[in-house]
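Let me begin by presenting the structure, written as structure tokens, before commenting on it.
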Amino acid sequence: MADTTLTWLGHATFRIDTAAGKRIYVDPFLNGNPTCPAGEQEPERADIVAVTHGHADHVGDTVAIAQKHGSTVVAQVELAGWLGNQGVPGDKLIGFNKGGTIDVDGVKFTLTNAFHSSSAPDGSYGGEAAGFVIELEDGKKLYFAGDTCVFGDMQLIGRIYSPDLAIIPIGDFYTMGPREAAVALELLGVQRCVPCHWGTFPVLTGTPQALQELASGVKVEQLEPGDAVTV
Ligand SMILES: [Zn+2]
């Protein structure tokens, strides 16, 4: 069986290519993302799109991708409603809520808490910001924290889901920076992390190097946009 790859497309945007052949986008901010590689701005296919919250740098191209590729879109219920109003076909839209787990053709998505805000790009109510635990067909588990500060209940996410890999924001300013992120890793109990939401804009000053210095027991992947890791 092939490996699963996780490709960072800059900011909080990721493409997962599962060992079983599915392609999943998380927070597909492609067009308008200053760090998204040019060759990644027009997806060739997308089976599933997962959106953590309503801000434009996370919703990104979700509607266009869903319309073009017939992707299933998963998001917190109010945000899913908004996405439906924007033209994501209703039969391909799953709006659920925190603590809930859904199974999309063998890939499980659990919506977790996150501490952030979540208005939709047009200013309308977008529900609450969230994160995802994504359990792939082969049982590998990825935790996408979404935009958040550190919080003590990350320990529960570690205890309940035991993620193999944590994808956490480290840029500071709008989310936690390296100091809080190091504690997040400790609470999650993970051995490996892919940092995101850094380097996109000048205010996002946190770096993977700074996190690695504070989190000596964890492998902090130091990626450039377009780089991939094997899960
Ligand atoms: Zn953001």
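Summary table below
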read-out: Residue among G158, G206 that is modelled with pLDDT of 95 or more, among the small types (G, A, S) and part of a loop (DSSP other than H, G, I, E, B); value: G206
read-out: Residue satisfying condition, being within 16 Å of the ligand (Cβ to nearest atom), touching a residue at least 12 places away in the same chain (Cβ under 8 Å) and farther than 23 Å from L165 by Cα, within set A12, A56; value: A56
read-out: Condition met for E213 (over 16 Å from the mean Cα position of the chain (by Cα) and surrounded by fewer than 16 Cβ atoms within 10 Å (Cβ to Cβ)); value: yes
read-out: Only one of D3, D27, D47, D17 that is more than 14 Å from the ligand (Cβ to nearest atom), closer than 22 Å to A80 by Cα and not aliphatic (A, V, I, L, M); value: D47
read-out: Matching residues, region 126-139, being outside any strand (DSSP E or B) and either closer than 18 Å to G81 by Cβ or aliphatic (A, V, I, L, M) (or both); value: G126, G127, E128, A129, L136
read-out: Among residues of region 88-125, those that are charged (D, E, K, R), under 17 Å from the mean Cα position of the chain (by Cα) and part of a loop (DSSP other than H, G, I, E, B), counted; value: 1
read-out: Matching entry among V190, V150 (being in contact with a Gly (Cβ under 8 Å, 6 or more places away or on another chain), under 22 Å from W8 (Cα atoms) and either away from the ligand (no atom under 16 Å from the Cβ) or not small (G, A, S) (or both)); value: V190
read-out: Region 172-187: number of residues that are more than 21 Å from T13 (Cα to Cα) and touching a residue at least 40 places away in the same chain (Cβ under 8 Å); value: 0
read-out: Residues satisfying the stated conditions in region 153-178, i.e. within 16 Å of the ligand (Cβ to nearest atom) and either more than 12 Å from the chain's Cα centre (by Cα) or surrounded by fewer than 24 Cβ atoms within 10 Å (Cβ to Cβ) (or both); value: I170, G171, D172, F173, Y174, T175, M176, G177
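The values are calculated or read from the model by the stated rules, or taken from the named source; none is laboratory data. All of these numbers come straight from a predicted model, not from anything done at the bench. Every residue, glycine among them, receives a Cβ derived from its backbone with ideal geometry; neighbour counts consider all protein chains shown.
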